[in-house]
């Protein structure tokens, strides 16, 4: 379903050009739950951003459902993010001006898949029913991550990309959030690519891939 | 050295954010400019009044005056001189030389105390020319220019004289003004012999007016200067909004620097001193620019102000500006004071926040949310106070109090009203992006509220003052049509010519309407009494406000008189009240007429009653009723027959045009100040949007990541700004109309003595709306360009770094 071929990406820095990804190749099947691991600066987040259509590759192909998203223009990539992908970041996931209820429905509405009963079920399973009228700044980091997961899954994306979603949480909260994510994504049949430093968390996923010096090992 | 190093670290913030520095300095400079510009104008005008008072009124010395304003018999002066008092007589009045009307001040140079320095006659020969027939007029160069060909009297020019006034010998003045044996006041020299009989015994009916007492002109123009000061302060307050917002953000953004400096051993007091020094430095720099711009603004506006003061109050103010320390020092002082006031909150926060507290630029500007309830309560209290002042208080200050409370209360209420509106719109929308649009607009309110309040004030001032001026203009033009009913106006140069003119005209026009007037003191105020013929022209056209049913019959019979609106309101006269006119004449008030543009009271009597009681009245001017198509012909025949100069024969159309021109020139200053205030508000908006654009990425990045293009986000940013402007503009309309109503029904009545009907001018609103729209587009341009250029990697940093 998802095929990355010879992906390359570099950035201009004060010290010169930094090559972050140097020919990444990776295949993910439908419903796969994969942990993407590697040291800091190995290019994990960059890879995730490229797959999410947030950034452009220097070269290489990202084929999703038979379509090369690296060749899409800005508008097409925005449509791709709206309809095909769900994103959970470590922080700043939520739209600060919307309350929890509106945040959860936001992506689903943008994707044209607004489904109130499904959103209610997610709210119940995530245990955030009492937070619906609160704003992101009134939530703890753990609560924010639950809402972000709810928003992502409410849109029923085919691909969920999570960049260290539990990085700011303590172990117990992190485990609880991950457990929810795994169980819910399994329920929706989404493919999950999750960036993490934690071997303990990675062990709970179907597969692990390691990125070192810009390449998949 | 340590301090210098710390200062360098603090100042580096501005090097990295030149636009923010520009906003701070320009906000402060503009605020100072308008304030000091207005102060410069006021200082110039007041200096001119003082000069006029010293030169023309001998205001540096005490004067003997009649308490009820009536004339002083010359015998009183003779009695004082005989008793050994060093006093000098003065007779004042308006006299028309051809078409030039002058304030004539009759003096007696031989007894006038030397310290008044009134007339420098140089040598004995000049004194002789001054006091012996035919006499001499002592005038300013400009007045001399206007007087050419208008009089046979010799003109002596002095730079010390003021425009529109002339010193002449008192004997000649009594003759010209037809007030033989009368005096207006008696100047008392400073040094008197000892052992003199007290004044109260010699002249018990007269009272002493102390030196430097407030003059009539100062009193009359007080409202105008208060008006200007209010405008200057409004613009200053709008400018300070920019300064407050910028300083608040800069302090918040520099909190990591403060934290680092303090960790490195810079004490809190040293840090506070450095920040204060930085602020004072900026205030002085911006103040200097502001004072310079203020000088320029004042120089540009002063000719208009001078025209206004002359048009409305007959006050002579030079059209050129002097660099007076009182206004440029006050300009610097207010720049520094305004900066310190705007930064008090930030400085206090600096001292209260714990050393290691993290920077939270996103929460900047939101502190008002905590105090929003207080803000609403304050707004309600101010609006209630405005209503209470309107109902129960009196006077010009109360009128401005109503305006101030109304404007401030409404502006404090604006953010809450807008927030409520956006909440309703958000709830009413179902589409995700539309919901977010309204929610995000509401979230921007804390950061923009000060700028929006400034904008509301500027727009409301524009709508209010614009409505007032346009209503005034419409009423004025209609009033002119009524008042200037005669087709042609002619002025003879002397009584002989006037006699010949009357005879000649008798067979050539439908009717001749004499325009006769005498100066008089009525109820202690200098006024004019006009005489009108019993003619259908007046019965059909004269703009009466109220009157008895047989008002014109009463006037014609001499039993009743008309009074102008300002006299009627000022003295709270009622129809039927008896007036005590000079010459023991006690007619009843039978009607009131509108008389715009005249600061003084006026009385209209029947022509026969006037001429019989004041036989000395000048009979030089006439209004002529003829068919409009005969005007040009009669005009040329008058010129040919009598050799009258063009200024002595004026047709109705020219007179109306001239009046309209004077009117428009009068309100030029108001228009200019309106535009300046709107400009400052636009800058406040620009500065706020620019400031907010630095904090927008964390708010926009999640929406972008979820599939909204940067282009769409940029368009929504423009749309949001336009919605905010439009909402503020709509809110400004009722506020502006309320402002106009207060100006027309309260302030104008107190300031000028006339009340005008209010008209609505939607076309002007449309024009103002378009100007505001243009300013909105300009204000959003740079922040928008910044957003449009943001790269995906910059947006992605939001999700990776602490911001």
**Prompt:** So is residue B:354 in a helix (DSSP H, G or I) and at pLDDT below 80 or not?
**Reply:** no
**Asked** Can you tell me which of A:123, A:88 is closer than 19 Å to residue A:160 by Cβ and more than 13 Å from chain B (Cβ to nearest Cβ)?
**Response** A:123
**Message:** Going residue by residue through the stretch B:413-433, is there one that turns out to be farther than 30 Å from residue B:767 by Cβ, touching a helix residue (DSSP H, G or I) at 6+ places or on another chain (Cβ under 7 Å), without any contact (Cβ under 8 Å) to a residue 24 or more places away in the chain and crowded, with 17+ Cβ neighbours inside 10 Å?
**Reply:** yes
**Item:** Residues (over 18 Å from residue B:345 (Cα atoms) and touching a helix residue (DSSP H, G or I) at 6+ places or on another chain (Cβ under 6 Å)) located in the stretch B:258-301
**Value:** B:261, B:266, B:286, B:287, B:289, B:290, B:291, B:293, B:294, B:297, B:298, B:301
**Item:** Count - residues of the stretch B:424-438 that are under 19 Å from residue B:710 (Cβ atoms) and within 44 Å of the chain's Cα centre (by Cα)
**Value:** 1
**Residue among A:103, A:93 that alone is in contact with a strand residue (DSSP E or B) (Cβ under 9 Å, 6 or more places away or on another chain), buried (at least 22 other Cβ atoms within 10 Å of the Cβ) and either over 26 Å from residue A:214 (Cα atoms) or within 9 Å of chain B (Cβ to nearest Cβ) (or both)** = A:93
**Message:** Would you confirm whether or not the stretch B:393-400 contains a residue that is at pLDDT 90 or above and buried (at least 18 other Cβ atoms within 10 Å of the Cβ)?
**Reply:** no
**Entirely in the stretch B:124-236, the helices (runs of 4 or more DSSP H) that have 3 or more residues that are at pLDDT below 80 and more than 30 Å from residue B:743 (Cα to Cα)** = B:124-131
**Item:** The listed residue being in a helix (DSSP H, G or I) and within 14 Å of chain A (Cβ to nearest Cβ), out of B:638, B:700, B:726, B:719
**Value:** B:700
**Request:** Collect the residues in the stretch B:599-615 that are closer than 13 Å to residue B:582 by Cβ and within 39 Å of the chain's Cα centre (by Cα), keeping them in residue-number order.
**Result:** B:603, B:605, B:610, B:614
**Message:** Given the condition touching a helix residue (DSSP H, G or I) at 6+ places or on another chain (Cβ under 7 Å), outside any loop (DSSP other than H, G, I, E, B) and farther than 23 Å from residue B:708 by Cβ, answer yes or no: does some residue in the stretch A:133-141 qualify?
**Reply:** no
**Request:** Would you point out the residue of the stretch B:419-436, among those that are farther than 25 Å from residue B:375 by Cβ and assigned to a helix (DSSP H, G or I), that is nearest to the other protein chains (Cβ to nearest Cβ)?
**Result:** B:432
**Message:** Here is a check on your reading of the model: is residue A:111 touching a residue at least 60 places away in the same chain (Cβ under 8 Å) and touching a helix residue (DSSP H, G or I) at 6+ places or on another chain (Cβ under 8 Å)?
**Reply:** no
**Item:** Members of the stretch B:738-759 found to be closer than 14 Å to residue B:387 by Cα and in contact (Cβ under 8 Å) with a residue 24 or more places away in the chain, listed by number
**Value:** B:738, B:739, B:742, B:746
**Request:** Look through B:451, B:410, B:458 and report the one residue that is at pLDDT 90 or above, buried (at least 24 other Cβ atoms within 10 Å of the Cβ) and in a helix (DSSP H, G or I).
**Result:** B:410
**Request:** Tally the residues that are within 14 Å of chain A (Cβ to nearest Cβ) and at pLDDT below 75, restricting the search to the stretch B:684-697.
**Result:** 2
**Request:** For the stretch A:57-78, name all the residues that are farther than 22 Å from residue A:19 by Cα, assigned to a loop (DSSP other than H, G, I, E, B) and either touching a residue at least 24 places away in the same chain (Cβ under 8 Å) or within 14 Å of another protein chain (Cβ to nearest Cβ) (or both).
**Result:** A:65, A:72, A:73
**Complete:** Flagged in the stretch B:749-764 as part of a helix (DSSP H, G or I) and crowded, with 21+ Cβ neighbours inside 10 Å, in numbering order, are B:751
**Request:** Take the stretch B:98-123 and flag every residue that is part of a loop (DSSP other than H, G, I, E, B) and either modelled with pLDDT of 75 or more or crowded, with 16+ Cβ neighbours inside 10 Å (or both).
**Result:** B:98, B:99, B:108, B:109, B:110, B:111, B:112, B:113, B:118, B:119, B:121
**Asked** In the list B:492, B:398, which residue meets the criterion of being under 30 Å from residue B:635 (Cβ atoms) and outside the structural domain of residue B:736 (by TED's automatic domain parsing)?
**Response** B:492
**the stretch A:106-120, residues that are more than 7 Å from chain B (Cβ to nearest Cβ) and either crowded, with 24+ Cβ neighbours inside 10 Å or in a helix (DSSP H, G or I) (or both)** = A:108, A:111, A:116, A:117, A:118, A:119, A:120
**Asked** Is there a residue being out of contact with any strand residue (DSSP E or B) (no Cβ under 8 Å at 6 or more places or on another chain) and farther than 28 Å from residue B:510 by Cα anywhere in the stretch B:599-619?
**Response** yes
**Message:** Any residue at all in the stretch B:548-570 that's surrounded by fewer than 19 Cβ atoms within 10 Å (Cβ to Cβ), at positive phi, assigned by TED's automatic domain parsing to the domain that holds residue B:604 and in contact (Cβ under 8 Å) with a residue 60 or more places away in the chain?
**Reply:** no
**Message:** From the list B:477, B:518, B:465, exactly one residue is touching a residue at least 24 places away in the same chain (Cβ under 8 Å), more than 14 Å from chain A (Cβ to nearest Cβ), under 30 Å from residue B:673 (Cβ atoms) and surrounded by 18 or more Cβ atoms within 10 Å (Cβ to Cβ). Which is it?
**Reply:** B:465
**Prompt:** If you scan the stretch B:629-658, which residues turn out to be at pLDDT 85 or above and over 22 Å from residue B:497 (Cα atoms)?
**Reply:** B:629, B:630
**Request:** Determine which member of the set B:539, B:493 is crowded, with 18+ Cβ neighbours inside 10 Å, out of contact with any strand residue (DSSP E or B) (no Cβ under 8 Å at 6 or more places or on another chain) and within 28 Å of residue B:657 (Cβ to Cβ).
**Result:** B:493
**Request:** Considering only the stretch A:36-56, state which residues are away from chain B (no Cβ under 12 Å) and under 12 Å from the mean Cα position of the chain (by Cα).
**Result:** A:36, A:47, A:51
**residue A:24 being under 19 Å from the mean Cα position of the chain (by Cα) and under 19 Å from residue A:158 (Cβ atoms)** = no
**Request:** For residue B:681, indicate whether it is in a helix (DSSP H, G or I) and at pLDDT 90 or above.
**Result:** no
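The values are calculated or read from the model by the stated rules, or taken from the named source; none is laboratory data. None of the values given here were measured: they were computed from a predicted structure. When we count neighbours, we look across all protein chains shown, and the Cβ atoms used for this are built from the backbone with ideal geometry, even at glycine.
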